[in-house]
Amino acid sequence: MSSLFVENDGPQPPQILKTPVEVYANLRLLQENRTPLLIHFSGRNARYQTYVVEISQEKGWIALDELVPNDGERLLLAGEPFSVEGFHEGVRIAWQNALPTHPGELDDARCYWIAVPTEMLYHQRRNAYRAQLSGPAISVTLSGKAIRKPLEGRLLDMSATGCKISMSGQIASGLQTGQVYDLSAALPIGNITTAVELRHLSYDEKLDLTFCGLRFHRLGGLPQRNIERFVYQLQREARRDQVSDRFS
């Protein structure tokens with residue numbers, strides 16, 4: 001089985017995202033959650049705050065909000081290279097820009113258009129307890145606009161931020177990392193349905209199984225509470241079993 005899933009037990013090593021699907025998915029994440037971004041110009045000490053306010057995938061441009069403090073806008077228009085950094089739920093997302101910046105307007109407010117980065121640093125630094133599942137199989141269904149027919153599988157582990165599933169056969173060619181799908185799982189505490197981002201994908205030829213590492217995407221209140229309750233329940237059971245083994 002692929003070792004790509006080992007990192008789920010703790011903070012991840014930094015990853016460089018290079019596919020357009022992955023880059024745009026993270027830019028949308030920053031925009032939709034209105035995540036503050038820090039701008040740092042090369043060779044200067046000052047930091048400036050902004051936001052992603054628009055994404056034009058057709059033209060390959062993203063719009064940044066006005067900088068705070070606003071003296072940084074002079075540096076933007078002068079074409080000085082800069083780095084962009086944002087943090088979302090324990091994940092650091094960052095990239096470099098050395099291309100010209102173009103001023104514009106959105107909804108009668110000033111903005112600054114920059115080119116979509118060709119690569120982006122993605123660094124998950126937060127620990128999340130990942131509960132391994134045993135006992136009766138928990139069935140899951142992966143679906144969405146990009147999938148012709150819903151895919152049936154089995155839940156292997158789960159944390160508050162994501163899960164791993166397996167599906168029979170070689171179906172990796174029909175899935176794409178960075179894409180957002182819909183996941184339905186029949187948990188013992190009740191069924192949940194939520195959007196998930198495909199982070200890792202591998203096929204084990206010996207087992208004839210496809211493994212998917214999924215990260216919950218814009219998790220709603222009720223599914224989040226149910227998932228946290230389920231993971232906490234599994235964590236308590238695991239600790240109880242460890243204590244029993246210690247004294248048996």
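Please go through the stretch 13-35 and pick out each residue that is touching a Leu at 6+ places or on another chain (Cβ under 8 Å) and open to solvent by less than 20 Å² (accessible area, probe 1.4 Å). Within the stretch 13-35, L17, V23, N26, L30, T35 qualify.
Within the stretch 79-123, which residues are surrounded by fewer than 16 Cβ atoms within 10 Å (Cβ to Cβ) and in a loop (DSSP other than H, G, I, E, B)? Scanning the stretch 79-123 gives G79, P81, E89, G90, A98, L99, P100, D107, D108, T118, E119. Taken together, the residues in the stretch 52-78 that are assigned to a loop (DSSP other than H, G, I, E, B) and either open to solvent by less than 80 Å² (accessible area, probe 1.4 Å) or closer than 17 Å to D107 by Cα (or both) amount to 7.
One residue stands out among those in the stretch 175-227 that are within 16 Å of A25 (Cβ to Cβ) and acidic (D, E): the one that is least open to solvent (accessible area, probe 1.4 Å), which is E197.
Considering A172, A160, the condition of being over 21 Å from L27 (Cβ atoms) and surrounded by fewer than 17 Cβ atoms within 10 Å (Cβ to Cβ) is satisfied by A172 alone. The criterion of at least 2 residues that are among the β-branched types (V, I, T) and touching an Asp or Glu at 6+ places or on another chain (Cβ under 7 Å) is met by none of the strands (runs of 3 or more DSSP E) falling completely within the stretch 130-175. If you go through the stretch 196-212 and keep only what is more than 18 Å from V23 (Cα to Cα), assigned to a strand (DSSP E or B) and either of a type outside the set (S, T, N, Q) or modelled with pLDDT of 85 or more (or both), you end up with Y203, D204, L209, T210, F211, C212. The residues of the stretch 36-49 that are crowded, with 16+ Cβ neighbours inside 10 Å and either touching a residue at least 40 places away in the same chain (Cβ under 8 Å) or in a loop (DSSP other than H, G, I, E, B) (or both), listed by number, are L37, I39, H40, F41.
Just one of the listed residues (V140, V196, V116) is touching a residue at least 60 places away in the same chain (Cβ under 8 Å) and of a type outside the set (S, T, Y), namely V116.
For the stretch 44-80, the set of residues classified as among the hydroxyl-bearing types (S, T, Y) and in contact with a Lys or Arg (Cβ under 7 Å, 6 or more places away or on another chain) consists of Y51 only.
The values are calculated or read from the model by the stated rules, or taken from the named source; none is laboratory data. It should be emphasised that the depicted structure is a prediction, and the values quoted were computed from it without experimental measurement. When we count neighbours, we look across all protein chains shown, and the Cβ atoms used for this are built from the backbone with ideal geometry, even at glycine. Remember, those area values only see protein heavy atoms, side chains included, never the ligands or the DNA or RNA. Shrake-Rupley method; radii C 1.70, N 1.55, O 1.52, S 1.80 Å.
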